[in-house]
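Q: One structure follows; several queries about it will come next.
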There are 4 protein chains.
Amino acid sequence: MIHDERPLAISAPEPRTLDLIFTAEARKQLHARYQIVEADPENIEGLGDDVLGKARYIIGQPPLSAETLARMPALRCVLNVESNLINNMPYEILFQRGIHVVTTGQVFAEPVAEIGLGFALSLARGIVDADVAFREGRELWGGEGNASARLIGGSEIGIIGFGDLGKALRRVFSGFRAKVRVFDPWLPRSILEENGVEAASLEEVVTRSDFVFVVAAVTSENKGLLGAEAFASMRPGAAFILLSRADVVDFDALISAVASGHIVAASDVYPQEPLPLDHPVRNLKGFIRSAHRAGALDSAFKKMGGMVLEDMDLMDRGLPPMRCKRAERETVSRMRSKGVKIN
Amino acid sequence: MIHDERPLAISAPEPRTLDLIFTAEARKQLHARYQIVEADPENIEGLGDDVLGKARYIIGQPPLSAETLARMPALRCVLNVESNLINNMPYEILFQRGIHVVTTGQVFAEPVAEIGLGFALSLARGIVDADVAFREGRELWGGEGNASARLIGGSEIGIIGFGDLGKALRRVFSGFRAKVRVFDPWLPRSILEENGVEAASLEEVVTRSDFVFVVAAVTSENKGLLGAEAFASMRPGAAFILLSRADVVDFDALISAVASGHIVAASDVYPQEPLPLDHPVRNLKGFIRSAHRAGALDSAFKKMGGMVLEDMDLMDRGLPPMRCKRAERETVSRMRSKGVKIN
Amino acid sequence: MIHDERPLAISAPEPRTLDLIFTAEARKQLHARYQIVEADPENIEGLGDDVLGKARYIIGQPPLSAETLARMPALRCVLNVESNLINNMPYEILFQRGIHVVTTGQVFAEPVAEIGLGFALSLARGIVDADVAFREGRELWGGEGNASARLIGGSEIGIIGFGDLGKALRRVFSGFRAKVRVFDPWLPRSILEENGVEAASLEEVVTRSDFVFVVAAVTSENKGLLGAEAFASMRPGAAFILLSRADVVDFDALISAVASGHIVAASDVYPQEPLPLDHPVRNLKGFIRSAHRAGALDSAFKKMGGMVLEDMDLMDRGLPPMRCKRAERETVSRMRSKGVKIN
Amino acid sequence: MIHDERPLAISAPEPRTLDLIFTAEARKQLHARYQIVEADPENIEGLGDDVLGKARYIIGQPPLSAETLARMPALRCVLNVESNLINNMPYEILFQRGIHVVTTGQVFAEPVAEIGLGFALSLARGIVDADVAFREGRELWGGEGNASARLIGGSEIGIIGFGDLGKALRRVFSGFRAKVRVFDPWLPRSILEENGVEAASLEEVVTRSDFVFVVAAVTSENKGLLGAEAFASMRPGAAFILLSRADVVDFDALISAVASGHIVAASDVYPQEPLPLDHPVRNLKGFIRSAHRAGALDSAFKKMGGMVLEDMDLMDRGLPPMRCKRAERETVSRMRSKGVKIN
C-alpha cells in the first residue's frame, strides 16, 4: 500500500450504498479527504492489518468481533448509516475504548414528521375518502361533507416518544395553536418543558388527545405498549397515527378500535412487511395506509453522507462527533429493532 | 312595543341561521344584551318605523334600499355573516354616514389553511394514491413508493393573496423551514416583509415555487388570472392548490397541465358547483378533489357569532369594530363574488 | 402652472421636515412620482385654487378649515407625520367625504419596545447602579451583587395598551418564557388571544405582574389611570415602566412608590418636559430616567417617508391605504395628545 | 451502618452548598430518595469502604485519585455542580468505566443571556449614560439625546461560542428581526443552521456585526483569541460584549479600542477579580462594567439541584443522564477554566 496521508475509512454501508447516502459533491469530498477502502461487510476480519491497523472510521454497521476490533488500534468511530443498532458487535469494548458508535437515523425525522402531519390533516378533514367519493360521483358539497371534520388548531396533541422524530413532529405543529403533551420516560420533565411541550403520563397522552402520534422506537420494554384498553380509552373520533414500529402496539386491537368506529387511524408500519393481500387492514374504513414509506426519501438518505462527513471532520480535529446520534452504553442493549433489508 | 333599554338588532342572517352562527352560550348573551328582531331578509322595508328607527345593528346582509336606510337613523353597523359583499345595498350611503359594514369571513381562514396544508402534504407524499393502491394490493414498499415524494421543509412556497387566508396559511407553514413568497398587489411590500414573507411578482410566485396556493378572492381584475401559460411556467412536478374561487384560474388549462403530468394539483372549488358527473376532473390523475368543503366547518360558523358579539360590544361603547373585517369604500365595488346559497 | 401629469401633494410636515422623514432615495422617488408643493402649514388656505383643486394628498397635519377643504375636491388623504391627531381640522367632514386621515406613529413602536425591554433588563439586573458602583470602586462581586436580581424568563409581564407599541413590546419578549397579560379596553379578547397574550383587567395586570409596561396613548378616559392605590397593589420589587405619556399616571404617586422601595421604575416621559433641575425624580433611587428619547431615532423618522410613499402608491391605484394607521371617526375625538414641538 | 435500600450519594459540593443548590422541596426529595453522606471534599479517600463501596453518585467535584476510584465499584456518575471541569480526577479512568461526569453550568445560560441582551440594549440606547446625565441635570431631550442610538431590529449579531450560553442568547434575540452569525469551531455547520443561525468564520463574526457577544469558554486554544487587530476590524460604533471568561480576549487591547471611540463594550469578567481600584476600565467611557454577576443568581443555583435530581432519577432507572451536560473524553483536557472560589 502506497503511503497515503489521508485518514482511512472502511466503507461497508450495506444495505445502503455510498451512492445512496452521498450526493455527488459529498462523495467527491469524501474521497478527497479520506482513503476509502470498500469492504465486504460480512468479512471485515478478512481485511489486512495494513487496513485494519490504520482504519480510523467504519462507515456502516458490519458484524465486528472482539478479535477484529483488537486489530484496529486507530479506530475512532463506527458510523452506522442503517439507523438501527444491531446486535452484531461488542459495544461494551467499543465504549471502553472510547470508540464512538453513532447513527444517522435523524435524517428520517423531518420526512416522518411531515407525513405524520399529512396523515393527521387527512384524517381530520377526510381528504382521502372525499377524493375517492368525488371520483365516484358520491361527493358531498360544503358543510354536508364536513360532518366529522375537525381542526388541529385548538386541539390537543399527544406524542409518544420524544427523540428526533418527536421533536420534528413538535416543530411541524408549531404553526398551529395546539396543546402538545408528550410521554417519554427516557427524558426528564424539564427537557420536555424546555421544548415547549407538557410532560405527561402515557395515560394522559392516550386519553386526553385528539391526535395521538407514536414515534417511539421499539425497546425491550415497550412491546405491545398500547392495546385494546388503551384504544378504548381514547376520545371518540380521535386519530391514532403510528409512525415508528408496529410492535409498539397490539395491531389487531388497533384494527378493532377503528372498525368499531371509536377512533380513526393511520399507519406506516405493520406487523408483517409486506403485508398479506388478504390482511383486514386493507379494507378498513377510517384507516389510512402507507407502506413503510414515511422516512425513505432519497433526500433523507443523501443527508446521511453529509452527517458522516461533518462528524468525521470534527473527530479528525480531535473533537467529539456532534451531528450524528451516539449510541449509549445504557440503552444500546435495550434497542430491539431488527435491521432493515431494503432502503 | 314595550320600552326596552337594550339596543335593537335586526336579525336576517340568511343563508346562515342564528343557530348556525351562535353557540348556545353566545346565543344567550345575544338575547340578554340586545333586543333581537328577526326579519324576512327580502322585506326589511316592511318593518315598522319603531323597529327601523331604533335599529343599531343588522346581523346579516339583506337587500337594503336608500329609502329604507333613510328610515334607520340609529344604524351603526351591518354585520355581514355571509362573508361576501353582495351588490344589494347602497354602500356609498353607508360609508358617508359612517355606518360600518363588516364581514365575518375570517372564520374560514384557519380551516382553509389547514386543509390547504393537508392537500400540499398529500400531494407531496402521495397519501391519497398510496392508500388507494394499498387497498387494492398494489402498494409499493419503502423507497420504491417514494419516487416522486418531496418535503415541504427546504421547499419554496408561493401564496397568491395575503388576506386572512394567506396569513393563516403562512402561519401553518411556520413550523417548516420553507421560503414563502407572496403576491398581493393590494398590500405594500413592507407589510408582507413584516409578516415574514417575501413580496414577489405573480410571475416569481408561479415560476419559483414548489407549492403554489391561490387564496385570493375574485375581484373585477383577477378573473382568469392564471391560465395555460402560467401553468406551463411552473416547476415540473410542482403542486398547485386552489382554495378561494375557481374563477381566478382557467380551469380547463389547469386540468390540461395536470393531465400532461407537468404539475399536480388540488382544488376545493370548481367552475360549476355541483360539478357534472361526467366532468373530466373526476378521473384526473395527479389531482385531489374536495367539494367546496375547505371552510364550511361547524366550528368556523360558530365563531361568527362570537365575532359579531365582540364587535357590537365595542360599538356599544362608542368604539369602532375591530374583530370583523370592514368593507372599504375603494374595494367594495371590486369584489365580485356571488353570494352563497348553502352553508 | 405648467401641465403636470403627476398627482399633486402638498407638503407641510412641520415639526418634521421632508429631510427628516425621507431618505435621500425615498425623497427622489417622492419627487419623481408627485408634484410636491411645499406650503406654510399655517396658511394652507393661502394656496391658489390651482394647487388646492388638484391636491390629492397632504403630507403633514396643518390646520385646515371647512372652507379650505371645500376648495379641495381631489383630496384623498391627509398623511399625518407627527403621529398625534391634533384638533385642527374638521375630521367629520373628512370622514364623510371618504378622505383618509392616516398617521405614521407606528415607526416609533420598535424603538420604544427595544428601550422598554432595555429598561426592564436594567432594572431586573441592576445594570445602571452596578456600573455606577463599579466606577466608584464600590462594586459587589458575583452573587453578592445579585441580591435583588431577577430573570425575565419565568416572570409575568403586564402590558397596558395593545396598539402598535404593545404589539412590538410583545414581540421583543417572544424569546423569553414569560407569561404576558394585556389590558386594552379597545380591543376584543379574541384579538388579544390571537396575539398570544392573555386578556386581563387593569387590576390583574397591575397586581400580578413582575414587569408592568404602560404603552397606552392618553385618551379622554385614561388620564391619571394609575395612582397611589395601583402602585401599592403591585408586587413588591416589581418594575413599572412608563413609555407612552406621563398623564396616564399620577407621577407623584409613582415617585412615592419607588421612594418607599416598594417598586422600581423607569420612565421616558414626564409631567413637564424638560423637567426642572430640582425635580425629585432626578435623585430617586430605584428609578431609571430617559429624556423622551425612546422613539426619536433618526432611523424611525426615516421610515415615515417610506410609509407615506407606500400608502400613496396604493391610493394612486384606487386602493385604500394599508401601511399607515387610519384615524377612526369614533376615537379621533378621544385622543388628547398635544402635538410635539420638537422631533 | 444500618441497611438502607436507598442509593448512596456522597455530597461534596464545595464551593456550593446543598442549601444553595437545592430548594427546600428538592432537598426533601433528595433525602427521601437517597442516602446522603456529606463528606469533606479534600478527604474523600478518608471515607470508609462501606460508603465508597456503595456510593452510586458524587454530588460535587472533589479531588479523586485512581486509588479512591478503585474502591468505588458502584459509582455511576460524578455530578459537578461547580460547572467547570477541574483537573483533579483521572477522567480517563472514569470514561473507561463508563462513569458519567456531568456538569450543571447550563443553569447560568438564561441569566447570562438576559444580562447580555441588557448590556446590548444599554449600549445601543445609552441607557446608563443617559440616566447618569439626567441625575446630574445634563440630559438631552428627544432626538438630541439619540445621536448614537441604534436598534437591534435590523442589525447583525455575532456570537462566538454556541454552547448553552450561545443558544440561550440566540433565544432571547428571537423576537428581534436580526441576522445572527455564529462562530463555533466545535460544532458542524448544519447544527448551527438548524438552530436558525448562520455559521461563520471568526473574522466574519467580528467584522460584520453590530453586536459581538463572546460566550465561549476558555480552552487551551482560544486564549487571547481576540486582540487589537480584531477590535480594529470591527464596525465603527459596534458593541463588544464579553460574558464568558476574560482570557479569551486581550483585555488591554479591548480597553484601547473603546478608549479610542472605535467601539463600545460591556464586560462581566476581568483579568483579575476583584479588580484593583485604580484599574483604567473603571473610568472608561463607552464601557459598561459588571462584577462577574451575570450568572450568579440564586434562582440559577437552585436549578442545579433540580438537574441533579432529574439525572440521578434517569440513572437509577438504568438510563443515561440527559439533563446535565456530559464531559467528553476529547475535550475534558482542553477545558482550562480555573475553579471558582465563591458562588
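The values are calculated or read from the model by the stated rules, or taken from the named source; none is laboratory data. Quantities reported herein were computed from a predicted structural model and do not represent experimental measurements. Cβ placement follows ideal geometry from the backbone for every residue including glycine, while neighbour counts extend to all protein chains displayed.
Q: Among the residues of segment A:158-173, which ones are assigned to a loop (DSSP other than H, G, I, E, B), touching a Leu at 6+ places or on another chain (Cβ under 8 Å) and more than 10 Å from chain B (Cβ to nearest Cβ)?
A: A:162 - this is the single residue of segment A:158-173 that is assigned to a loop (DSSP other than H, G, I, E, B), touching a Leu at 6+ places or on another chain (Cβ under 8 Å) and more than 10 Å from chain B (Cβ to nearest Cβ).
Q: Look through C:278, C:316 and report the one residue that is among the acidic types (Asp, Glu), more than 8 Å from every other protein chain (Cβ to nearest Cβ), surrounded by fewer than 21 Cβ atoms within 10 Å (Cβ to Cβ) and touching a Pro at 6+ places or on another chain (Cβ under 7 Å).
A: That would be C:316, the only listed residue that is among the acidic types (Asp, Glu), more than 8 Å from every other protein chain (Cβ to nearest Cβ), surrounded by fewer than 21 Cβ atoms within 10 Å (Cβ to Cβ) and touching a Pro at 6+ places or on another chain (Cβ under 7 Å).
Q: Report yes if residue B:239 is crowded, with 22+ Cβ neighbours inside 10 Å, in contact with a strand residue (DSSP E or B) (Cβ under 7 Å, 6 or more places away or on another chain) and not aromatic (Phe, Trp, Tyr), otherwise no.
A: Yes.
Q: Are any of the residues in segment C:98-110 away from every other protein chain (no Cβ under 14 Å), polar (S, T, N, Q) and without any contact (Cβ under 8 Å) to a residue 40 or more places away in the chain?
A: No: segment C:98-110 contains no residue that is away from every other protein chain (no Cβ under 14 Å), polar (S, T, N, Q) and without any contact (Cβ under 8 Å) to a residue 40 or more places away in the chain.
Q: From the list D:148, D:155, which residue is of a type in the set (Ser, Thr, Tyr), within 11 Å of chain C (Cβ to nearest Cβ) and either on the phi > 0 side of the Ramachandran plot or surrounded by 18 or more Cβ atoms within 10 Å (Cβ to Cβ) (or both)?
A: One residue alone meets the criteria, D:155.
Q: Suppose we filter segment B:281-313 for residues that are over 28 Å from residue B:118 (Cβ atoms) and either hydrophobic (A, V, I, L, M, F, W, C) or buried (at least 18 other Cβ atoms within 10 Å of the Cβ) (or both); how many remain?
A: So the count comes out to 5.
Q: Would you mind finding the one in D:38, D:25 that is closer than 16 Å to residue D:310 by Cα and of a type in the set (Asp, Glu)?
A: Going through D:38, D:25 in turn, the sole match is D:25.
Q: Still on this structure, please answer the following. Of the residues C:79, C:85, C:117, which is touching a residue at least 60 places away in the same chain (Cβ under 8 Å) and closer than 22 Å to residue C:298 by Cβ?
A: C:79 is the lone residue from the list that is touching a residue at least 60 places away in the same chain (Cβ under 8 Å) and closer than 22 Å to residue C:298 by Cβ.
Q: Shifting gears a bit: Select from segment D:68-78 the residues that are in contact with a helix residue (DSSP H, G or I) (Cβ under 7 Å, 6 or more places away or on another chain) and either surrounded by fewer than 17 Cβ atoms within 10 Å (Cβ to Cβ) or outside the structural domain of residue D:318 (by TED's automatic domain parsing) (or both) and list them in ascending order.
A: D:73, D:74
Q: Follow-up question, since we're still on this one. Go through the residues of segment C:124-145 one by one and say whether even a single one is modelled with pLDDT of 95 or more and away from chain D (no Cβ under 11 Å).
A: There is no residue in segment C:124-145 that is modelled with pLDDT of 95 or more and away from chain D (no Cβ under 11 Å).
Q: Being in a loop (DSSP other than H, G, I, E, B) and within 19 Å of the chain's Cα centre (by Cα): is that true of residue B:111 here?
A: The answer is no for residue B:111.
Q: Looking at segment D:254-270, I want the residues that are under 19 Å from residue D:125 (Cα atoms) and have a partner that is surrounded by fewer than 20 Cβ atoms within 10 Å (Cβ to Cβ) and among the hydrophobic types (A, V, I, L, M, F, W, C) with Cβ atoms under 6 Å, at least 6 apart or on another chain. Which pairs are those?
A: Pairs that qualify, where the first residue is under 19 Å from residue D:125 (Cα atoms) and the partner is surrounded by fewer than 20 Cβ atoms within 10 Å (Cβ to Cβ) and among the hydrophobic types (A, V, I, L, M, F, W, C), are D:258/D:284.
Q: Determine if segment B:190-198 includes at least one residue that is away from chain A (no Cβ under 14 Å), crowded, with 20+ Cβ neighbours inside 10 Å and touching a residue at least 12 places away in the same chain (Cβ under 8 Å).
A: Scanning segment B:190-198 turns up at least one residue that is away from chain A (no Cβ under 14 Å), crowded, with 20+ Cβ neighbours inside 10 Å and touching a residue at least 12 places away in the same chain (Cβ under 8 Å).
Q: Looking at residue D:184, is it within 14 Å of chain A (Cβ to nearest Cβ), surrounded by 21 or more Cβ atoms within 10 Å (Cβ to Cβ) and charged (D, E, K, R)?
A: For residue D:184, the condition - within 14 Å of chain A (Cβ to nearest Cβ), surrounded by 21 or more Cβ atoms within 10 Å (Cβ to Cβ) and charged (D, E, K, R) - is met.
Q: So, one more: For residue C:81, work out the one condition from (1) modelled with pLDDT of 95 or more; (2) surrounded by fewer than 19 Cβ atoms within 10 Å (Cβ to Cβ) it doesn't fulfil.
A: (2)
Q: Next question, about the same structure. Taking the condition of being out of contact with any Cys (no Cβ under 6 Å at 6 or more places or on another chain) and facing chain D (nearest Cβ under 9 Å), how many residues in segment A:288-308 meet it?
A: 2
Q: If we keep just the residues of segment B:88-104 that are in contact with a strand residue (DSSP E or B) (Cβ under 9 Å, 6 or more places away or on another chain) and closer than 24 Å to residue B:20 by Cβ, which is surrounded by the most Cβ atoms within 10 Å (Cβ to Cβ)?
A: Among residues in segment B:88-104 that are in contact with a strand residue (DSSP E or B) (Cβ under 9 Å, 6 or more places away or on another chain) and closer than 24 Å to residue B:20 by Cβ, the one surrounded by the most Cβ atoms within 10 Å (Cβ to Cβ) is B:104.
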